[in-house]
1. Pairs please, first residue from region 56-72 and in contact (Cβ under 8 Å) with a residue 12 or more places away in the chain and closer than 15 Å to residue 85 by Cα, second anywhere and in a loop (DSSP other than H, G, I, E, B) and open to solvent by less than 50 Å² (accessible area, probe 1.4 Å), Cβ atoms under 8 Å, 6+ apart in sequence or on different chains.
2. All but one of (1) farther than 18 Å from residue 110 by Cα; (2) more than 12 Å from the chain's Cα centre (by Cα); (3) open to solvent by 80 Å² or more (accessible area, probe 1.4 Å) hold for residue 29; state the number of the condition that does not hold.
3. Within region 41-63, restricting attention to residues that are more than 17 Å from residue 22 (Cβ to Cβ) and small (Gly, Ala, Ser), which residue is nearest to the chain's Cα centre (by Cα)?
4. Determine if region 91-102 includes at least one residue that is of a type in the set (Ser, Thr, Tyr) and open to solvent by less than 50 Å² (accessible area, probe 1.4 Å).
5. Could you list, in sequence order, all residues of region 8-18 that are exposed (fewer than 14 other Cβ atoms within 10 Å of the Cβ) and either part of a strand (DSSP E or B) or of a type in the set (D, E, K, R) (or both)?
6. Could you please give the count of residues in region 67-84 that are open to solvent by less than 70 Å² (accessible area, probe 1.4 Å) and either farther than 16 Å from residue 118 by Cα or in a strand (DSSP E or B) (or both)?
7. Filtering region 36-49 down to residues that are open to solvent by 20 Å² or more (accessible area, probe 1.4 Å) and either outside any strand (DSSP E or B) or without any contact (Cβ under 8 Å) to a residue 40 or more places away in the chain (or both), which residue is farthest from residue 66 (Cα to Cα)?
Amino acid sequence: QVQLVESGGGLVQPGGSLRLSCAASGSFFSINVMGWHRAAPGKERELVASITDSGEPNYADSVKGRFTISRDNAKNTVSLQMNSLKPEDTAVYYCHMLVRRATTMRNYNYWGQGTQVTVSS
């Protein structure tokens, strides 16, 4: 089984910064895409940023230039550096990983439990 554990959420003032991290544990062959999604109250979950196993990032237009996603393949971790935070960034942020399991050599989606990010003065 694969587990994702997130850390780093909290309360920050507008213009501030936060860093989210997510670590995968368990038994698997490899991790393909890693990413972060968020769900704001009354809104559907949306992609914030993702990064391929070769390190190519992809960002939602709303966070381009403010957020930076990175991964450490040796530690099976993904991080999201969030700068210039705005109140509209307030949401529960979920870590996502597309994991290839050794037993089947198929890809499966795994999600973290979610971490709250609140941007408010």
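The values are calculated or read from the model by the stated rules, or taken from the named source; none is laboratory data. This is a predicted model, so every value here is computed, not measured. Every residue, glycine among them, receives a Cβ derived from its backbone with ideal geometry; neighbour counts consider all protein chains shown. Please note that ligands, DNA and RNA were not included when accessible areas were found on the heavy atoms of the full protein model with its side chains. Shrake-Rupley method; radii C 1.70, N 1.55, O 1.52, S 1.80 Å.
1. 66/85
2. That leaves (1) as the condition not met.
3. Result: 60.
4. The answer is yes; a qualifying residue exists.
5. The answer is 10, 11.
6. Summing the residues that are open to solvent by less than 70 Å² (accessible area, probe 1.4 Å) and either farther than 16 Å from residue 118 by Cα or in a strand (DSSP E or B) (or both) in region 67-84 gives 12.
7. The extreme case among them is 42.
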